[in-house]
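S.K.: Before anything else, here's the structure in question.
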Amino acid sequence: MKILLTGKSGQVGFELQRSLAELGEVRSLDRRALDLTNEAAIRDEIRRTRPDVVVNAAAYTAVDEAESEWQLAQSVNAEAPRIMAEEAARVGALLVHYSTDYVFDGLKRRPYLETDVPNPLNVYGATKCRGEKAIQGTAAAHLILRSSWVYATRGRNFLLTILRLAHEREELRVVNDQIGAPTWSRRIAQATFQILAQIADGSASIRDVVGIYNISASGQTSWYGFAEEILSLWAEQRLPGFAPETPLRVQRIVPIRTEESAVSARRPLYSVLSNEKVKRTFGISLPSWQEQLRGAWRAAGAENFVAATSS
């Protein structure tokens, strides 16, 4: 396969560079190499590269900032995917695009299916939803992969924020009434690889598998439960090199309600995704969120944790 990957510096994109390399030639681009607010640049890149697969891991993901920067979020999350889909259709490429649990309003209280009707509560979710619909409105063969509560051992995410704050504060106040499934970026990349490998070897036909798939961790927890597990794991596994020189300051974690948190964007109170479709179609079963967290922990280098918790 000849693959064009956007968003190579993001949490998922970083992992995809390694995973997708096994499938063939990968051209990886970040925002400096490809400005997703520049329509002509996107079209020129795809026409010039003529890939077999376009993997769009780029996105505007700052949920609260999107409330005021809605034009930028709309451009990156909705308009750029439409342009990519149009050009993918032109060159006969498959488009793989990532979306989010935040396209839902959280009122269902049972794991969301791919067929459930989206109803986003915030600008970020709305722009991601528009991106999905824009892709579906083109002639492009596409896979839209929805995930949830994505984290990594690099970049900006909940895992590293909790570790940093636990070294700075004696008390952490964490939301306990939002329920989801924390998902490690590497598992998303691995699932993407498995899907594309089946397409590459012919065991899955593009014509038969196009559509939306959920790929998130199994199980569910709250942000408070996720924070507790992170700090519990830190206490259990004092592996050489993992702990920075300064000890944890945190003495207690206090559960709070969403309305007590200082955020500007509304969040769904329940956004667990059902993975039954991807299991049924591709035989892919993603591990529990606890197992994924432990896997991320084992895989993380000491430098990542030290840098994150001491910055």
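The values are calculated or read from the model by the stated rules, or taken from the named source; none is laboratory data. Predicted model, so just to flag it, every value in this text is computed and none were measured. No Cβ is skipped: glycine too gets one built from the backbone with ideal geometry, and neighbour counts run over all protein chains shown.
S.K.: From A139, A166, A134, grab the single residue that is part of a loop (DSSP other than H, G, I, E, B), more than 17 Å from the chain's Cα centre (by Cα) and surrounded by fewer than 23 Cβ atoms within 10 Å (Cβ to Cβ).
M.R.: Selected residue: A139, the only one of A139, A166, A134 that is part of a loop (DSSP other than H, G, I, E, B), more than 17 Å from the chain's Cα centre (by Cα) and surrounded by fewer than 23 Cβ atoms within 10 Å (Cβ to Cβ).
S.K.: When only residues in the range 174-191 that are surrounded by fewer than 23 Cβ atoms within 10 Å (Cβ to Cβ) and assigned to a loop (DSSP other than H, G, I, E, B) count, which is nearest to the chain's Cα centre (by Cα)?
M.R.: Result: Q178.
S.K.: Next up: For I42, all conditions in the list (1) without any contact (Cβ under 8 Å) to a residue 12 or more places away in the chain; (2) farther than 22 Å from R146 by Cα hold save one; what is the number of the exception?
M.R.: (1)
S.K.: Okay, next question. Working carefully through the options L4, L29, L20, L34, find the one that is surrounded by 17 or more Cβ atoms within 10 Å (Cβ to Cβ) and out of contact with any Ser or Thr (no Cβ under 7 Å at 6 or more places or on another chain). Spell out the reasoning first.
M.R.: Numbers: L4 fails: out of contact with any Ser or Thr (no Cβ under 7 Å at 6 or more places or on another chain); L29 fails: out of contact with any Ser or Thr (no Cβ under 7 Å at 6 or more places or on another chain); L34 fails: out of contact with any Ser or Thr (no Cβ under 7 Å at 6 or more places or on another chain).
The conditions single out L20.
S.K.: Do we find a residue being modelled with pLDDT under 95 and at positive phi anywhere in the range 155-173?
M.R.: Yes, because at least one residue in the range 155-173 is modelled with pLDDT under 95 and at positive phi.
S.K.: Which members of the range 150-206 meet the condition of being of a type in the set (D, E), over 25 Å from K108 (Cβ atoms) and in contact with a Lys or Arg (Cβ under 8 Å, 6 or more places away or on another chain)? Please lay out each step first, then the result.
M.R.: Residues of the range 150-206 of a type in the set (D, E): 168, 170-171, 177, 201.
So of that shortlist, the ones also over 25 Å from K108 (Cβ atoms) come out as 168, 170-171, 201.
Listed by number, the residues that qualify are E168, E170, E171.
S.K.: Of a type outside the set (G, A, S), loosely packed, with under 14 Cβ neighbours inside 10 Å and in contact with a strand residue (DSSP E or B) (Cβ under 9 Å, 6 or more places away or on another chain), is that true of R252? Walk me through how you get there before you give the answer.
M.R.: On the way: of a type outside the set (G, A, S): yes; loosely packed, with under 14 Cβ neighbours inside 10 Å: yes; in contact with a strand residue (DSSP E or B) (Cβ under 9 Å, 6 or more places away or on another chain): yes.
Against the criterion (of a type outside the set (G, A, S), loosely packed, with under 14 Cβ neighbours inside 10 Å and in contact with a strand residue (DSSP E or B) (Cβ under 9 Å, 6 or more places away or on another chain)), R252 qualifies.
S.K.: Can you find, within the range 266-287, the residue that is farthest from D208 (Cα to Cα) among those that are within 18 Å of the chain's Cα centre (by Cα) and small (G, A, S)?
M.R.: Result: S271.
S.K.: Scan the strands (runs of 3 or more DSSP E) fully inside the range 1-84 and keep the ones with 1 or more residues being on the phi < 0 side of the Ramachandran plot, within 17 Å of the chain's Cα centre (by Cα) and modelled with pLDDT of 95 or more. Break it down stepwise before answering.
M.R.: Working: elements: 2-6, 25-29, 53-56.
Strands (runs of 3 or more DSSP E) meeting the threshold: 2-6, 53-56.
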